[in-house]
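Undergrad: Questions regarding the structure given below will be posed in turn.
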Amino acid sequence: MHAEAIDGRSGAPVGAAPSSHPTPVYDIRALEVELGGRRVLGPVDLRIDPGAFLGILGPNGSGKTTLLRALTGSLPPGAGEILLHDRPLSGYRAGELARVVGVVPQQFSLDFGFTVEEMVAMGRYAHSGRGAENGNDTGMRLRGMPERAADGEAVAAALAATELTELSGRLITELSGGERQRALIAQTLAQETPVLLLDEPLNNLDLNHQLEIMQLLVTLHGAGRTIAVVLHDLNIAAQYCEELILLDQGHLVARGTANDVLDPTSILEVFKVRVAVHRQGRRPYITPLWSRTARATKASGDRQVHVVAGGGAASELLEELVLRGYTPSVGVVSVFDSDYATAQRYELDVVSSPPFEPFPEEAIRALDTLMEEAEVIVVAPVFFGCGNLPSLEATLAAAKAGKKIILVERPPITERDLSGGRAGTLIEELLKAGAVEVETPAQAAEAV
Amino acid sequence: MNLTKDRHKVYRLVMAALVVALVAVILAAVAVGAAGLSAAETLRALGGLMIHGSDATGDYPDWAPRLLLDLRLPRIVLALVVGAALSTAGASFQGIFRNPLAEPYLLGVSAGAGLGATIAIVWKPLTELGIYTLPLFAFVGATLAAFLVYRLATFAGHTRGASLLLSGVAVGSTLTAIMSFLMVATERDLHTVVVWLMGGLTTAAWTKIYITLPVVAAGFLYMMLMSRRMNLLLMGEERARELGIDSQRTRRNLMIVAALTTAAAVSFSGLIGFVGLMVPHIMRLLVGPDHRRLLPVSALFGALLLLAADTVARTALAPAEIPVGVITAATGGPFFLYLLRARKGV
């Protein structure tokens, strides 16, 4: 990235000398927006101060794009008002607004064969021609492209910042999705506005360009621009933005630093996803655990499944089952076992035992209860020794009681029988009692 | 290779080539015809006309200057003006609607002009108003049709290109049906209407040019002033607004101007199809989609193409005439199909 090339230009927000009470760039008061007669946003109150770097988060349909399009003036407020530098947004002429606010929209199409450079140069419209000089934007400049030296510099800097200099002579219609997205960002950069609004600017970008664009925004923010960006990657938002807001069903539910906004409870509430938040300084990192919606919507019925696990042999099987919407019970496993960790991660019912000891009586009783409740019992390819044989014995009892049994037999029992053949015998008896044999965890989950 | 820079050069080259070709076609169009003059005689007469005025005499029949002045020259000028008008209107419609298949003929604008003209022909009391009746009605018809199509395709303040084209075709068919009904209902004017509809420049006269030329010239000037805005509109109304123009108003104004330009051309030449489609498309391939270049080269190429077509129309079966609309449709139809195939249906 060569973001330094566009530093400092139009950097400071208009009339925004640092003070204890800076004039907000945007002052949004009781804003409501309706689409097709339905209220999709608000009421929302929000101030965006000069030099803010605001990340707008929320699930699909939460009103992020609506909020942004209201800020760009594309959607008129149904109620409330939006002030931009203390003036109603609706009072701005299009040309005037385009010199203050630059927008990277979510959707964009251009089916005509402009070159990348020509397209980026269009970002200069509001500045060049008569438009900029006397506020009368007839925009008449018929000859010469790019139009003026200042325009040429802005275009070149925007191309460099998005690493498109090499592609400047290529046709926009022949670019990849990611290259087009960068050309769109470059077009907006060429506008050289003190305020930037971006709606999921990382769409279509591969990882390195995602990070470069975010790094570019950091640099622009450092040069004094005010930035509001809709992101769907919580971690990228946490890592780069100075401040976050969280929207849910058209309402602003949280605002603050990444540490304030990104806590497991509010993320579960809004995104229906259970996450682990790893706090490292002031920028937390989030890993998803499982999705409540996935679990709720899968057609698993209420069929209860029990998994005989141990030694990590069941981890993949448990993932497959959870993915398909089941909530299997697990046991008996030692608390040091990685299957135990997997069961904990998915918050499954698990019968555990202390490590390095035979199963205690109460564990076996608990196992019997779970197996009684279960309709299907899946036996993972566990290594069986004398210690965990009671699990197999309980399974055989359940099989005789008419439960459906599924055995994952790869590797075959002969290779994981550490009980001197007793496990092998039990497996044979299970097969006689009608147990089904499968090869992989996925097949097992399918068979359930 | 840098296409951005190449396009500067290509643009100059294309402009120069078009100017040279245009002069050649004009001279050829002056020289050939059904009157029995040789090419050398007509060119000498043209020279005399230009140097000494219409009273000039020389090595040619004395009626030659009058023939040129009253018949051939107005016809040539009208062909140039109509060709330029249809091409620039086509380029504008394609830009406004973001669709390279948009064209006055396909958008129902020509049908609107046609219905207006038909009413002017069949409704006798109107003909008392003189030669301005027909163009006036064609104007009104074209503009109303354009707005009807625009309104029909606009939902909640947003106008989509595909809807526009579809409603254009629908409105066009309806207007053509009304036109046909009027023609059948008032049989005696059938021939006049049919000849007008097929498109032709046979009745060219300076009086018609005095009406058409100012409208077309003003329209072209306005389009040139709006050419950068038209570029922005190619990215959609919302993006264009984000980059600094009042999209809805710009689009509406451009539509009025393009419809007026179309009507001005169509009212004296009848329905000449496909020029507005073919010319901008070919020129776009050469100079790119930037309207600052596209409009001037389209105007020149359109003028050249229609003059060439009309010269063929009046000489190929001389002394009989082929309506020029037949020639443009015969070449334009296949071209349109080619575009449809090449662009995978758009």
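Undergrad: Near the amide H of A:V379, under 5 Å away, which other amide H atoms are found, from residues 5 or more places off or on another chain, if H is placed in the peptide plane?
TA: A:V308, A:I406, A:L407, A:V408
Undergrad: Rounding to the nearest 20 debye, state how big the charge dipole of chain A is about its Cα centre with +1 on each Lys and Arg Cβ and -1 on each Asp and Glu Cβ.
TA: Values: 39 positive and 58 negative charges, 242 e Å.
With Lys and Arg at +1 and Asp and Glu at -1, about 1160 debye.
Undergrad: Rounded, prolate or oblate: which one fits the protein assembly as shown, using the alpha carbon gyration tensor with axes a ≥ b ≥ c (rounded when a/c is under 1.5, else prolate when a/b beats b/c, else oblate)?
TA: Prolate is the answer for the protein assembly as shown, as a/c is 1.5 or above and a/b outweighs b/c.
Undergrad: From the phi of every residue in the stretch B:244-253, what ³J(HN,Hα) in whole Hz does the Karplus formula 6.51 cos²θ - 1.76 cosθ + 1.60 yield, where θ is phi - 60° and glycine or proline is x?
TA: Result, ordered by residue: x, 10, 7, 4, 4, 5, 4, 5, 5, 4 Hz.
Undergrad: Students often forget the sequence filter, so: which aspartates and glutamates lie under 13 Å Cα-Cα from A:K404 once same-chain residues fewer than 8 apart are removed?
TA: A:E372, A:E373, A:E375, A:E437
Undergrad: Put +1 on the Cβ of each Lys and Arg and -1 on the Cβ of each Asp and Glu in the protein assembly as shown; which of A:V116, B:L260, A:F336 then has its Cα farthest toward the positive end of the dipole?
TA: Value computed over the given set: B:L260.
Undergrad: For A:K64, list the lysines whose Cα falls under 23 Å from its own Cα; do not include residues on the same chain fewer than 8 positions away.
TA: A:K272
Undergrad: Pop a pseudo-label 7 angstrom from the Cα along the beta-carbon direction at both B:K9 and B:R151 and give the gap in nm to one decimal.
TA: Taking the two extended label points, one gets 5.2 nm.
Undergrad: Give the shape of chain B as rounded, prolate or oblate, defined through the alpha-carbon gyration tensor: a ≥ b ≥ c are the square roots of its eigenvalues, a/c under 1.5 means rounded, and otherwise the shape is prolate if a/b is larger than b/c and oblate if not.
TA: Cα axes put chain B in the oblate bin.
Undergrad: Moving on to the next point. For B:T207, A:T226, which order do you get if you count the other beta carbons within 10 Å of each Cβ and list the fewest first?
TA: B:T207, A:T226
Undergrad: Determine, for A:C386, A:C241, the number of other Cβ atoms within 10 Å of each Cβ, and report the residues in order from fewest to most.
TA: A:C386, A:C241
Undergrad: Between B:G47, B:G200, B:G95, find the one with the highest GNM mean-square fluctuation for chain B; connect C-alpha pairs within less than 10 Å.
TA: The residue with the greatest mean-square fluctuation here is B:G47.
Undergrad: Obtain the nm distance between the two label points defined at A:T369 and B:W63 by a simple spin-label model: each point lies 7 Å from its Cα along the Cα-to-C-beta direction.
TA: 12.0
Undergrad: Using alpha-carbon pairs under 8 Å, 6+ residues apart, how would you state the relative contact order of chain B in percent?
TA: 28
Undergrad: Next question, about the same structure. Would you calculate, for chain A, the mean residue ellipticity at 222 nm contributed by helices, counting each DSSP H stretch of 4 or more residues as -39,500 (n - 2.57) and dividing by all residues, to the nearest 500?
TA: -10000 deg cm²/dmol
Undergrad: Quick one: Cα centre-to-centre distance for the stretch A:152-222 and the stretch B:293-323, in angstrom?
TA: Their Cα centres are 46 Å away from one another.
Undergrad: Would you kindly derive the ³J(HN,Hα) couplings of the stretch A:81-92 from the backbone phi angles with the Karplus curve 6.51 cos²θ - 1.76 cosθ + 1.60 (θ = phi - 60°), listing them in order in whole Hz, with x for Gly and Pro?
TA: Each residue's phi maps through the Karplus curve to give 8, 10, 9, 10, 6, 6, 10, x, 4, 5, x, 7 Hz.
Undergrad: Quick one: 3J(HN,Hα) in Hz for the stretch A:200-215, Karplus 6.51/-1.76/1.60 with θ = phi - 60°, rounded, Gly and Pro as x.
TA: The phi angles translate into 6, x, 8, 3, 6, 8, 7, 4, 5, 6, 4, 5, 5, 5, 5, 5 Hz.
Undergrad: Could you name the lysines whose alpha carbon sits less than 27 Å from that of B:K208, not counting residues in the same chain fewer than 8 places away?
TA: Qualifying lysines at Cα under 27 Å: B:K124.
Undergrad: For A:Y326, A:Y26, which order do you get if you count the other beta carbons within 10 Å of each Cβ and list the fewest first?
TA: Fewest to most other Cβ atoms nearby, the residues stand as A:Y26, A:Y326.
Undergrad: Going by amide H atoms built from the backbone, whose H comes under 5 Å of the H on A:V40, apart from near neighbours?
TA: Here the answer is A:V33, A:E34, A:L35, since their amide H atoms fall under 5 Å of that of A:V40.
Undergrad: Could you grab the relative contact order for chain A? Cα pairs under 8 Å, six or more apart, rounded to a whole percent.
TA: Over chain A, the number comes to 13 percent.
Undergrad: Same structure again: With a 10 Å cut-off between alpha carbons and a GNM built on chain A, which of A:L367, A:L71, A:L426 moves the most?
TA: Comparing A:L367, A:L71, A:L426 in a Gaussian network model of chain A, the most mobile one is A:L426.
Undergrad: Is chain A rounded, prolate or oblate when judged by the Cα gyration tensor, a ≥ b ≥ c being the square roots of its eigenvalues, rounded requiring a/c under 1.5 and prolate requiring a/b larger than b/c?
TA: prolate
Undergrad: Quick one: which residues, 5 or more positions from A:T115 or on another chain, have an amide H under 5 Å from its amide H? H modelled 1.01 Å from N in the peptide plane, none for Pro or chain starts.
TA: Here A:I172 satisfy the definition.
Undergrad: Okay, next question. Computed FRET efficiency, Cβ-Cβ of B:T174 and A:R282, R0 45 Å: what is it to the nearest 0.05?
TA: 0.10
Where a number appears in this text, it was derived from the coordinates with a stated rule and is not lab data. These numbers were taken from a predicted model, which means no experiment stands behind them. A quick note on method: Cβ atoms are made from the backbone with ideal geometry, for glycine too, and the neighbour counts reach across all protein chains shown.
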